[in-house]
Structure formats: structure tokens, C-alpha cells
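The values are calculated or read from the model by the stated rules, or taken from the named source; none is laboratory data. Everything numeric in this text was worked out from a predicted model, so none of it was measured. Glycine also receives a Cβ, built like all others from the backbone with ideal geometry; neighbour counts cover every protein chain displayed. Only protein heavy atoms, including side chains, enter the accessible area calculation; ligands, DNA and RNA are left aside. Shrake-Rupley method; radii C 1.70, N 1.55, O 1.52, S 1.80 Å.
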Amino acid sequence: MAKYKAMPRRDDGAVIANAEGVTFGKMIKQLRERCNLSLRGACGEIGISTAYLSDLENDRRYPPVGDVIKRMLSTYRVDENTEYEVMELIGLGRKELAPDMAEFLRKNQFARLVVRKLMQADNLDSLVVDNADESLAIISAVDGLISKGVETRKFDADIED
């Protein structure tokens, strides 16, 4: 009998996937194969057992977090966009917030304030779609501030818990 917690599933029994139908397991298997790594070869580099990686690739276990996922992403040489996708799939697969976002929000008061303000909007996704130009401008402005080295820490003094 398996001693680990089985993957969460939707009400219809299917493994939780993103909008394109990709699960965490399917994504990491594609990444491993793209690197021309065998299951055993990947496990040797990541430092996990073949049974564990096989279970992950076949969506039989919860996606890992922490050092295991870091070593996996490093071994598979993923770019930043792919890392975001993997983190989102981990969040979906675990029915939690993506682990990189959860850690970021725990550490950044300003980010929590921004998220709380966004939570006040009804149907936020439609706001982004209906106002794509404005949404892109906001994202670009934030990206520009960050790239210029503006630290959110300077705003912490203005924000109360």
C-alpha cells in the first residue's frame, strides 16, 4: 500500500491541469525528454529515486517543492517563463498558491497590499481582457521600476498592517 498522499483530482477524477490540459507530470516529463535524459539519468543528476520521478511524471504524487524542484529545474535547464509555468502547475497540482508566489508574498508586505487591493475587484480577469492596453501598461510600469532598481522596501514605512 502506498504511504504517500495521492494527487488531488477534480470531481470527475481527472488530474488537475492547466487551461491547455497540461499536468505537472506531463510538463516535467517533456522537460526531461527535451534534455535527452533517461529517467535514471535525470534521477542521478537530481538526486531522487527513479520510482519517485516516475510517480511524479505519471501524476501519482503531489508535485515537490523546495530543493527537489530547484534541482529538477536546474537539471532540465528551464528558462524563466518555463519556470513560471512549472510553479503554476505545482500550485494547481497541490491545490495551493504556486510556491514561488507564496514565498514572495510571505516576504513582501507591499506585494500583499497590492494583492489585497486586487482582491477588491470583481471579475479581475475580465478587467484584464477588457482593458488589455491599460493592464499591459501597468505591468510594464512595474517591470520598469524593478529594472531600474527601485526597491519595494522603501514603501514599507508607508504601509500599515
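Observations, loosely collected:
- Looking at region 65-116, the GluC sites (Glu not before Pro) that sit in a DSSP loop and have at most 16 other Cβ atoms within 10 Å of their own Cβ are GLU96.
- Accessible-area value, THR75, 1.4 Å probe, nucleic acids and ligands omitted, Å²: 10 Å²
- Estimated distance in nm for a label pair at LEU136 and LYS95, the labels positioned 7 Å out from Cα along Cα-to-Cβ: 3.8 nm
- Phi-derived couplings, Karplus 6.51 cos²θ - 1.76 cosθ + 1.60 at θ = phi - 60°, listed residue by residue for region 68-75: 4, 5, 4, 5, 5, 5, 5, 4 Hz, with x used for Gly and Pro.
- Modelled FRET efficiency - R0 25 Å, LEU39 with TYR84, Cβ distances, 0.05 increments: 0.50
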